[in-house]
Amino acid sequence: MTFDLFSDSSAGASAAELTNKLLVDTRDRAGMLLEALPVGLIIHTPQGILYTNEEVTRLLGLSPAQLIGHHLLDFIHPNDMRKASELLTGAFDHPDERLRQEIVLQSSGGDRVVRVITSRLDWEGNPVIQIVLQDITELKHVETSLRRLTITDELTGAYNRRHAFYEAGLYLGANSWIPLSVALFDVDHFKAVNDRYGHAAGDAVLVTMARAATRALKAAAPNDASIFCRVGGEEFVALLPGSTLGEAVAITELIRLAARSSVVQYGQNPIRVTVSAGVGEFEPPDVDFDGLLSRCDAALYVAKDLGRNCVVQAARSSPSLNEASINHDRNAS
């Protein structure tokens with residue numbers, strides 16, 4: 001026996017009404033779900049934004065009415081404008097691909113870093129893409145903090161030895177054409193400071209010296225690639241990529257003068273800081289970074305023999321005592 005569920009016209013009408021009600025209810029619920037998504041959702045035409053959910057309004061600090069009709073590029077940080085434009089163009093041009101990129105958005109509450117995923121929607125007529133925005137600002141802050149911990153010296157805030165060797169390796173590779181000069185520093189009479197005032201005073205001297213040197217390096221170095229690092233105890237290194245040997249000697253001298261001008265007030269005791277330095281440029285017969293550091297270290301010992309508080313240029317085979325290669329403050333010890 002078979003039954004015709006719609007044999008009765010009134011029953012068929014009721015079923016159709018019920019189906020239509022379910023469809024409307026489903027659309028409403030789907031809209032609610034889209035609004036409640038923990039990621040931003042934008043429906044975008046080539047001309048501008050058609051739809052945004054609540055997460056997008058939170059990210060940008062604007063209401064839907066303020067967003068509809070605008071282009072997403074209106075809210076992109078200028079530094080990311082090019083890659084954002086390429087991402088959106090690619091989404092429209094490649095309907096079968098999902099494209100991903102990390103981009104900085106500008107909002108009323110400050111810049112936000114978002115992971116963007118785009119895909120073309122199969123709509124008739126005007127091309128439309130779906131843009132999903134995942135806020136990863138806090139994640140990036142955590143990543144930055146963790147990276148900072150791995151590459152910086154805990155006491156002084158300067159970069160650490162590991163990072164110094166890593167950065168130096170970038171300029172000593174076979175494909176690098178950028179010259180690398182290095183200055184190796186040693187805090188003068190550091191053991192005497194520890195013995196007389198204690199290790200806390202010694203730590204204060206190291207912190208003061210590192211801060212003064214970093215400021216001087218930023219002011220004097222020709223590019224942002226130059227960095228100041230603590231490589232052990234009271235020894236520090238300035239990496240000066242792009243600087244010739246003569247330029248490196250001049251920069252090192254400015255760092256020496258900045259250190260000499262620093263005074264550590266430890267209790268009632270003013271402690272003056274001076275440094276000695278050896279400077280060299282990577283060249284034959286240096287085989288690696290250690291080889292360059294060895295030459296700088298030999299020049300540093302010459303600086304100490306000369307009475308400290310001076311800069312000595314490293315020679316290729318052995319440090320030179322030529323007066324032209326020595327910057328020495330003869331009025332300070």
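The values are calculated or read from the model by the stated rules, or taken from the named source; none is laboratory data. These numbers were taken from a predicted model, which means no experiment stands behind them. A quick note on method: Cβ atoms are made from the backbone with ideal geometry, for glycine too, and the neighbour counts reach across all protein chains shown. Just so you know, the surface numbers come from the protein's heavy atoms only, side chains and all, with ligands and any DNA or RNA stripped out. Shrake-Rupley method; radii C 1.70, N 1.55, O 1.52, S 1.80 Å.
Tell me which of these residue 290 doesn't satisfy, since it passes every other one: (1) out of contact with any Lys or Arg (no Cβ under 8 Å at 6 or more places or on another chain); (2) surrounded by fewer than 20 Cβ atoms within 10 Å (Cβ to Cβ); (3) under 30 Å from residue 198 (Cβ atoms); (4) modelled with pLDDT of 90 or more.
Every condition holds for residue 290 apart from (3).
Could you list all residues from region 171-195 that are within 15 Å of residue 209 (Cβ to Cβ) and part of a loop (DSSP other than H, G, I, E, B)?
188, 189
What residue, of 263, 302, 312, is out of contact with any Asp or Glu (no Cβ under 7 Å at 6 or more places or on another chain), crowded, with 19+ Cβ neighbours inside 10 Å and more than 20 Å from residue 240 (Cα to Cα)?
After ruling out the rest, the residue left standing is 302.
So for region 226-245 (the condition being at pLDDT below 95, open to solvent by 30 Å² or more (accessible area, probe 1.4 Å), assigned to a helix (DSSP H, G or I) and hydrophobic (A, V, I, L, M, F, W, C)), does at least one residue qualify?
Yes - at least one qualifying residue is present in region 226-245.
Pairs only if they're at least six apart or on different chains, beta carbon under 7 angstrom, first in region 229-244 and under 19 Å from residue 314 (Cα atoms), second hydroxyl-bearing (Ser, Thr, Tyr) and part of a loop (DSSP other than H, G, I, E, B); list them, first residue then second.
From residues that are under 19 Å from residue 314 (Cα atoms), the pairs are 238/226; 239/226; 240/226; 241/226.
Is it true that some residue in region 125-139 is among the hydrophobic types (A, V, I, L, M, F, W, C) and more than 30 Å from residue 44 (Cα to Cα)? If you could, list the steps in order and put the result at the bottom.
First, the residues of region 125-139 that are among the hydrophobic types (A, V, I, L, M, F, W, C): 128-129, 131-133, 136, 139.
Those still in the list that are more than 30 Å from residue 44 (Cα to Cα) too: none.
No, the conditions are met nowhere in region 125-139.
Given 220, 210, 277, which one is modelled with pLDDT of 95 or more and either over 21 Å from residue 313 (Cβ atoms) or open to solvent by 30 Å² or more (accessible area, probe 1.4 Å) (or both)?
210
Yes or no: residue 312 modelled with pLDDT of 90 or more and in a strand (DSSP E or B)?
When the stated conditions are applied, residue 312 passes them.
Looking at (1) assigned to a loop (DSSP other than H, G, I, E, B); (2) exposed (fewer than 10 other Cβ atoms within 10 Å of the Cβ); (3) at pLDDT 65 or above; (4) among the aliphatic types (A, V, I, L, M), find the lone condition where residue 5 falls short.
In the conditions (1) assigned to a loop (DSSP other than H, G, I, E, B); (2) exposed (fewer than 10 other Cβ atoms within 10 Å of the Cβ); (3) at pLDDT 65 or above; (4) among the aliphatic types (A, V, I, L, M), residue 5 misses (3) alone.
Taking the criterion of being within 28 Å of residue 133 (Cβ to Cβ), at pLDDT 70 or above and either among the basic types (Lys, Arg) or open to solvent by 80 Å² or more (accessible area, probe 1.4 Å) (or both), would at least one residue in region 24-37 satisfy it?
no
Tell me whether region 258-272 contains one or more residues that are assigned to a strand (DSSP E or B), free of Cβ contacts under 8 Å to residues at least 60 places away in the same chain and closer than 13 Å to residue 210 by Cα.
Yes, region 258-272 has at least one match.
Among strands (runs of 3 or more DSSP E) lying entirely in region 51-170, which contain 1 or more residues that are among the acidic types (Asp, Glu), over 30 Å from residue 242 (Cα atoms) and open to solvent by 40 Å² or more (accessible area, probe 1.4 Å)?
Of the strands (runs of 3 or more DSSP E) lying wholly inside region 51-170, those with at least 1 residues that are among the acidic types (Asp, Glu), over 30 Å from residue 242 (Cα atoms) and open to solvent by 40 Å² or more (accessible area, probe 1.4 Å) span 99-105, 128-135.
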